[in-house]
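**Q** Here it is, the structure, as structure tokens.
The values are calculated or read from the model by the stated rules, or taken from the named source; none is laboratory data. Quick caveat, the model's predicted, so the values are computed rather than measured. Methodologically, a virtual Cβ is constructed for each residue, glycine included, from the backbone with ideal geometry; neighbour enumeration extends over all protein chains shown. Keep in mind that these areas ignore ligands, DNA and RNA; they rest on the heavy atoms of the full protein, side chains included. Shrake-Rupley method; radii C 1.70, N 1.55, O 1.52, S 1.80 Å.
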Amino acid sequence: MRVSRIVLLLAVAAVCGCQPQTADKGQPNQVQDIGATTSAVDQDEALEESRLSAVQDYKNAPGKKDVSLSEAKSMAKPAAEMPVASSPAPVDGLEIDAVRMQNATSERAMRTRQAGMLGLNKELEESMPALNVKDPVAGEGEGPGKGGDKFAHVEVNPFRAVADEPLSTFSIDVDTASYSKIRSYLVDYNQLPPQGAVRVEELVNYFTYDYQGPTDQHPFAANVESAACPWNPDHRLVRIGIKGKEIDNAERPASNLVFLLDVSGSMNDARKLPLLKQGMKLLVDQLGENDKVAIVVYAGAAGMVLNSTNGDDKATIMEALDRLQAGGSTNGGQGIALAYQTAMENFIKGGVNRVILCTDGDFNVGVTSTSDLVTMAAEQAKSGVFLSVMGFGVGNHNDAMMEELSGKANGNYAFIDTIKEAKKVLVEQMSGTLTTIAKDVKIQIEFNPTKVAAYRLVGYENRILANQDFNDDKKDAGEIGAGHCVTAFYEIVPASAESPVAIAKVDDLKYQSTREATPAADSDELLTLKIRYKQPDEDESTLMSVGVKDSGHRFGEATGDFQFATGVAMFGMLLRGGEQDAKVNLDEITELVANNVGDDSYRAEFLKLVEAAKTLKK
């Protein structure tokens, strides 16, 4: 009986207009109104308060049975999931050709009726089972529009025997998204991050270090340091540090930028579209008369909001950003295609040509396959237009797709969780974010078998390359921006120590002889570091090579930067929970990090993250 009454009430509500109306056949699609007013914002806030109040009433009522938060919220659909339809507003005479949206008579009236159904329809309330709303878990799915964060699986690098695998090859990485994503979990949601969110190299590379910069024709310099391994004193730890040449903002090449902004319904969250607009404004403030900015948005389809505009016309750019609001589904593939087309139409030869994609990664219309999107971006990268990806929000953040997309599109990937992070990426490190000084940068290490029994690369699991890829100029690798620091650690088992990995047992080869040591093996060299890179506008690589000796230092004799970076790596290893990292503990991390913070606010913040993790692990 109750079920039939519910069905009847919902049917009546639908007839009364609680469902969006579709556009008449033959009529042109309406475009999204990106001109929100203060009164509309106030109405939205009032409706949201009413909705949450009704949910709270259900939660507090006696005798309620458990349901998820998404089930409760679904009865009063939030503004983020409702399309907006009206005529476009002009921006200084420029007609806004924004995203095509599903036509609705009145979104606000529709949400008002839905809110009324949740809290005010007593007959329906009496007929429904009571609700006991549970708190959400950050990153887990909550239903349509919030399907949960998506991370790629990370298989921790094992120890490898030098006798079997004397070479180790990988692509460098300057992404920092993993660090700020972990910070968001620990600070904003008081939760330990999922293992897939932890990429050790991105934690280490979040910080800057006092590495020596280039003094020759190369765009960066290599710095190598070694010391005892703090979590296994019988082993050695080798740090490889790369420092890119600095470029002042005043000396930065002219920039042709295309802001590719996600304005779909899933971006209607305080930590998404509003934060995105604030961050883009910070970047616009740094631009000058030699720079150009175009704005492309996408939701159900892609559209041009602002044609390429001089960077010193800040009022026009800011106004276009102010008018953006969220609604609809997410056709990211179409947006990417239009953004690259716009960048090519305004290409600056010898300048910076870059698409800046800002999204939560919830692509659900058109081309949604990660492999197809990556293929598209990789093809476009050949044109000389590079890509920066900036992720926003928790709940449906597709980290795996965005990391791979940026990697194949000659780009970098950051996660913006606060306005401070936006300032770091878009103001403090603006030259590095925009200006690439070397592309397809690969590292290859050859270990001396008389000195090293085994080794493992700490992090960079999804950046491993086949050894033959090192000399293959067609093989894509990472990019380095102006002033960037790149750090990688190897844990090394000396030839004199017991190896954690046995030499593989295979039959002798019939047609080949086994390897024999060369005279160079009798030297004091621990390893040889080789680096290949290309200039941003070239297709042929340049080789750098240097032999490295072990300093023999104890860990306490290492530089402060070495000790701090080691502590950050240990923190990532602990959060990831690999078998090799069982000896790492938070107290040790706290001790060695605390001694090397100085007046660096980012390092001080990291110490707080360690303390937060301590509390959660108790």
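**Q** Counting only C-alpha contacts under 8 Å and six or more residues apart, can you give the relative contact order of the stretch 417-494 as a whole percent?
**A** Relative contact order comes out at 49 percent.
**Q** Another question about this same structure. If the limit is 18 Å between Cα atoms, which of Lys439/Lys475; Lys442/Lys534; Lys349/Lys474 go over it?
**A** Pairs exceeding 18 Å: Lys349/Lys474.
**Q** Treating the beta-carbon of each Lys and Arg as +1 and of each Asp and Glu as -1, no other charges, what is the dipole magnitude of the stretch 371-447 about its Cα centre, to the nearest 20 debye? It would help to have the intermediate numbers written out before the result.
**A** Values: 7 positive and 10 negative charges, 57 e Å.
Here the stretch 371-447 has a charge dipole of around 280 debye.
**Q** Put a dot 7 Å past each Cα toward the Cβ at Glu246 and Ser513; how far apart are the dots in nm?
**A** Those two pseudo-labels are separated by 5.4 nm.
**Q** Sorted by mean Cβ packing within 10 Å, highest first, what order do the peptides 504-512, 248-256, 340-348 take?
**A** 340-348, 248-256, 504-512
**Q** Another one. For Ala502 and Lys614 in one chain, what is 0.36 nm times their gap in residues minus the Cα-Cα distance, to one decimal in nm?
**A** Fully extending the segment from Ala502 to Lys614 adds 36.8 nm.
**Q** Taking 22 Å as R0, compute the FRET efficiency from the Cβ-Cβ separation of Thr418 and Asp587 and round it to 0.05.
**A** 0.20
**Q** Number of Lys pairs in the stretch 137-272 with C-alpha atoms less than 30 angstrom apart, excluding same-chain neighbours closer than eight positions? Don't skip to the answer; put the middle values down first.
**A** Details: Lys146/Lys181; Lys146/Lys272; Lys150/Lys181; Lys150/Lys272; Lys181/Lys243; Lys181/Lys245; Lys181/Lys272.
Taking the Cα cut-off of 30 Å, the pair count is 7.
**Q** Then there's this: From the backbone phi of the stretch 552-565, what are the Karplus-calculated ³J(HN,Hα) couplings (6.51 cos²θ - 1.76 cosθ + 1.60, θ = phi - 60°) in whole Hz, Gly and Pro given as x?
**A** x, 5, 6, 4, x, 8, 6, 5, x, 5, 4, 5, 5, 4
**Q** Follow-up. Rounded to the nearest angstrom and ordered from largest down, what semi-axes does the equivalent ellipsoid of the stretch 562-618 get from its C-alpha gyration tensor (root of 5λ)?
**A** Rounded to whole Å, the semi-axes are 19, 13, 9.
**Q** Moving on to the next point. Provide the per-residue ³J(HN,Hα) series for the stretch 165-179, in order, calculated from phi with Karplus coefficients 6.51, -1.76, 1.60 and θ = phi - 60°, each as a whole number of Hz, with x at glycine and proline positions.
**A** Here the 3J(HN,Hα) series is 9, x, 10, 10, 10, 8, 8, 5, 8, 10, 5, 10, 4, 4, 4 Hz.
**Q** Please work out how much length the chain gains when fully extended from Asp372 to Asn471, using 0.36 nm per residue of separation minus the C-alpha to C-alpha distance, in nm with one decimal.
**A** 33.0 nm
**Q** If I model a spin label at Thr450 and Ile464 as a point 7 Å from the Cα along the Cα→Cβ vector, what separation in nanometres do I get?
**A** In this crude spin-label approximation the distance works out to 2.9 nm.
**Q** Taking H placed 1.01 Å from N in the peptide plane, check which residues at least 5 places from Ile437 or on another chain put their amide H under 5 Å from its amide H.
**A** Here the answer is Ile480, Gly481, Ala482, since their amide H atoms fall under 5 Å of that of Ile437.
**Q** Kirkwood hydrodynamic radius, the stretch 473-609, all distinct C-alpha pairs: what's the number in Å?
**A** About 19.5 Å for the stretch 473-609.
**Q** What accessible area, in Å² to the nearest ten, does a 1.4 Å probe give for His553?
**A** My reading of the accessible area for His553 is about 70 Å².
**Q** Using the Cα centre of the stretch 506-618 as origin and beta-carbon charges of +1 (Lys, Arg) and -1 (Asp, Glu), tell me which of Thr518, Gly572, Gln535 is placed farthest towards the positive end of the dipole.
**A** The Cα lying farthest towards the positive end belongs to Gly572.
**Q** Heavy-atom accessible area of Asp537 with all protein chains present, probe 1.4 Å, nearest 10 Å²?
**A** Taking all protein chains as shown, Asp537 has close to 130 Å².
**Q** How big is the stretch 429-502 in terms of Cα radius of gyration and Dmax, in angstroms?
**A** Cα only, the stretch 429-502: 15.8, 47 Å (Rg, Dmax).
**Q** Once fully extended, how much extra length lies between Ser383 and Glu428, figured as 0.36 nm per residue of separation less the alpha-carbon to alpha-carbon distance?
**A** Extending this stretch completely gives an extra 13.4 nm.
**Q** Okay, next question. Estimate the FRET efficiency between Ala520 and Ser308 by the formula 1/(1 + (r/R0)^6), using the beta-carbon distance for r and 51 Å for R0, to the nearest 0.05.
**A** According to the calculation, E is roughly 0.40.
**Q** Kindly report, to the nearest 10 Å², the accessible surface of Met318 as traced by a 1.4 Å probe over protein heavy atoms only.
**A** Met318 exposes around 40 Å² with every protein chain in place.
**Q** Given H placed 1.01 Å from N in the peptide plane, which residues other than close sequence neighbours of Val305 have an amide H under 5 Å from its amide H?
**A** For Val305, the qualifying residues are Ile295, Val296, Val297.
**Q** HN-Hα J couplings of the stretch 183-191 from phi, Karplus 6.51/-1.76/1.60, θ = phi - 60°, integer Hz, Gly and Pro as x?
**A** Working through the residues one at a time gives 4, 4, 4, 5, 8, 7, 10, 6, 9 Hz.
**Q** Set the Förster distance to 51 Å, then compute FRET efficiency between Thr559 and Asp322 from the Cβ-Cβ distance, nearest 0.05.
**A** 0.65
**Q** Taking amide H atoms as placed 1.01 Å from N in the peptide plane, list the residues 5 or more away in sequence, or in a different chain, whose amide H sits under 5 Å from that of His235.
**A** Answer set, sorted by chain and number: Cys229.
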